[in-house]
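Asker: Starting off with a structure, shown below.
The values are calculated or read from the model by the stated rules, or taken from the named source; none is laboratory data. Predicted, not measured: the structure shown is a model, and the values here were computed from it. For neighbour counting, all protein chains shown are included, and Cβ atoms are generated from backbone atoms with ideal geometry for every residue, glycine included.
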Amino acid sequence: MASVLSEFVGATPSLPHPQNMRFILPFLFLFAVCYATIDDYKAKRAKIVRDEALLSVGGNSTLTDKESDVNNCLMQRKFREVDYGFNNPQTYKLSRHFFSYKDDIRTSRVYKIIKDLPKGAALHIHDMGILGPDYMLNLTYTDHLYICFKKDDVLFRFSDKTPSIPCTNKWKLISDARRSANNTAKFDAKLRKYFTMYVDNPDVVYPSIKESWGTFIKYFQRVVSLVSYRPIWEQYCYEVLRQFREDNIMYVEFRSVLPSLYELDGTVYDPIVTAKSYKKTFNQFKKDHPDFLGAKLIYAPARGINRDQLDEYLRLARAIKADIPDVFAGFDLVGQEDLGSPLIEFIPQLLAASKDLDYFFHAGETDWYGTSTDENLIDAILLGAKRLGHAYALPKHPLLMREVIERDIGVEVNVISNNVLSLVRDVRNHPLSGFLASGMPVVLSSDDPGIWEADPLSDDFYVAFVGVASRLSDLRLLKQLAFNSIKYSSLKGSDKVNAMIKFTERWDTFIENFDCSKY
């Protein structure tokens, strides 16, 4: 050992042999961490803590006196919840499946504050998965709705006569089926289960991503004919906007596969009519609720396609943009990313279309590393995506992390979705924690909240704030996340400036009227 040390501390300037470095490194560390005094050590430690806090999302902002009062109220309640979980890890529910604690969230005082908080915009939601099972069940009381009972499933179709679509058994008017049931409440309770993924024993029913995604996909296949009846579609869309507004959201961007709408007589419309239906409903809602900023559409067809199908998708996207440019935001490809076609298969087409279309690609929604799925992140960024959907695998790609920051690409995070769809069990391990710590351009959204019976957005804010973010993250984080949702929206020019002004006004009103005793 002495000879090894002599190489390091002696007069000879030559470097030690590499084989001896394993002996030297501990001594290098020993010399490197010498401090003059304990106070010097404490000062350096405090600086690290301070600098990390400044780096985090919202960390470099300051609070007004009134905001500080609100923050004190909020953080007293947050500390109570987080510290109880820290001291009682065996009972900490946010380390489990969302279904095991979703109803308990309603009793949280932190949640109640977040519920009343202006949260800006929702930028990552899929149209047919937004409204919950109670709303969907209520739709089944609409006239002219037929039902086909299959083994462990059902089909729906609105029609002025018995549908011609093949049915294993026999199409029945659902009103007749309900009337003939011995117990209407039992009939509805069974039917309601087709409109939700919720179960009492999620770890048994959804042991892996195969089961959770299988149920998830079946939901959309089941409800598409129920909601794509034109009058219902417009009613559904309007109700989505109403519920988001009630959850203190002021702007929404829908992702839609643009299902073909139909009429009772069997008339089926081109998908561009679906897009125009969106515009009609957006305009009506804004007219009825002038305080709501509006909504836009991201055309997001299924990603399990070939090049010819993509050409058709891109043609339709350009046509919609030309027809309703004020409503059309951009293009995406959706579906279970591990099973879908990776972006790299379509680079020539997508690169050419990038001159005409803005991209908001789902990318990296996976636990895998070094696969075509997580490498979708590379192509999404190189193709100029304005935002990344999920980007769950992003921390495994440090160069891409840097690109996201330098290009200021919004990262759409959907914590509860990632839990329900089997990417993460304990949300404390969600990559969002690192995103927040690193000051990443994060936007919180809710994906398909109706399918797992969550709020339009408040539940995701709560889980992110209490279960994922630092114990010390406070009102500044919530404010920045809400602000980010406006900043990284597809609003442009004066529309975005106006949205930021309106959000600031609502935030200031909330702060001014805040009464801690309510919570």
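Asker: Go through region 367-439 and tell me which helices (runs of 4 or more DSSP H), entirely inside it, have 1 or more residues that are of a type in the set (Lys, Arg) and in contact (Cβ under 8 Å) with a residue 24 or more places away in the chain.
Answerer: Ranges flagged: 398-407.
Here is a yes/no grid of residues against (1) aliphatic (A, V, I, L, M); (2) touching a helix residue (DSSP H, G or I) at 6+ places or on another chain (Cβ under 6 Å):
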site	(1), (2)
Gly129	no, yes
Asp134	no, no
Thr140	no, yes
Lys151	no, no
Phe156	no, yes
Lys161	no, no
Ile165	yes, no
Lys170	no, no
Ser175	no, no
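Asker: Follow-up question, since we're still on this one. Scan region 29-79 for residues that are among the polar types (S, T, N, Q) and outside any helix (DSSP H, G or I) and jot them down.
Answerer: Listed by number, the residues that qualify are Thr37, Ser56, Asn60, Ser61, Thr62, Thr64.
Asker: Then there's this: I'd like the full set of residues that are of a type in the set (Gly, Ala, Ser) and either part of a helix (DSSP H, G or I) or within 28 Å of Trp452 (Cα to Cα) (or both), limited to region 140-195.
Answerer: Matches in region 140-195: Ser175, Ala177, Ser180, Ala181, Ala185, Ala189.
Asker: Another question, then. Yes or no: Val443 hydrophobic (A, V, I, L, M, F, W, C), surrounded by 24 or more Cβ atoms within 10 Å (Cβ to Cβ), outside any helix (DSSP H, G or I) and on the phi < 0 side of the Ramachandran plot?
Answerer: Yes, satisfied.
Asker: Okay, moving on. Looking at (1) closer than 24 Å to Pro207 by Cβ; (2) within 14 Å of the chain's Cα centre (by Cα), which is the one condition that is false for Leu388?
Answerer: (1)
Asker: Which pairs turn up if I take residues in region 144-168 that are free of Cβ contacts under 8 Å to residues at least 60 places away in the same chain and look for partners that are surrounded by 17 or more Cβ atoms within 10 Å (Cβ to Cβ) and of a type in the set (S, T, N, Q) with beta carbon separation below 8 Å, at least 6 apart in sequence or on another chain?
Answerer: Pairs found: Tyr146/Ser159; Ile147/Thr140.
Asker: Still on this structure: Do you know which of the residues in region 296-348 that are at pLDDT 95 or above and hydroxyl-bearing (Ser, Thr, Tyr) is nearest to Tyr278 (Cα to Cα)?
Answerer: Ranking the candidates gives Tyr299 first.
Asker: Quick check on Ile249: is it surrounded by fewer than 17 Cβ atoms within 10 Å (Cβ to Cβ) and either touching a Gly at 6+ places or on another chain (Cβ under 7 Å) or within 30 Å of Ala317 (Cα to Cα) (or both)?
Answerer: no
Asker: In region 100-112, is there at least one residue being in the same structural domain as Arg428 (by TED's automatic domain parsing) and among the aliphatic types (A, V, I, L, M)?
Answerer: Yes, there is a match, as at least one residue in region 100-112 is in the same structural domain as Arg428 (by TED's automatic domain parsing) and among the aliphatic types (A, V, I, L, M).
Asker: Here's something else I'd like to know. Keeping to region 208-240, report how many residues are in the same structural domain as Tyr488 (by TED's automatic domain parsing) and within 17 Å of the chain's Cα centre (by Cα).
Answerer: 1
Asker: If you go through region 309-366 one residue at a time, how many are touching a residue at least 12 places away in the same chain (Cβ under 8 Å) and part of a helix (DSSP H, G or I)?
Answerer: Residues in region 309-366 being touching a residue at least 12 places away in the same chain (Cβ under 8 Å) and part of a helix (DSSP H, G or I): 20 in total.
Asker: Looking at region 380-435, which of its residues are among the small types (Gly, Ala, Ser), at negative phi and buried (at least 18 other Cβ atoms within 10 Å of the Cβ)?
Answerer: Selection gives Ala380, Ala385, Gly389, Ala393, Gly410, Ser417, Ser433.
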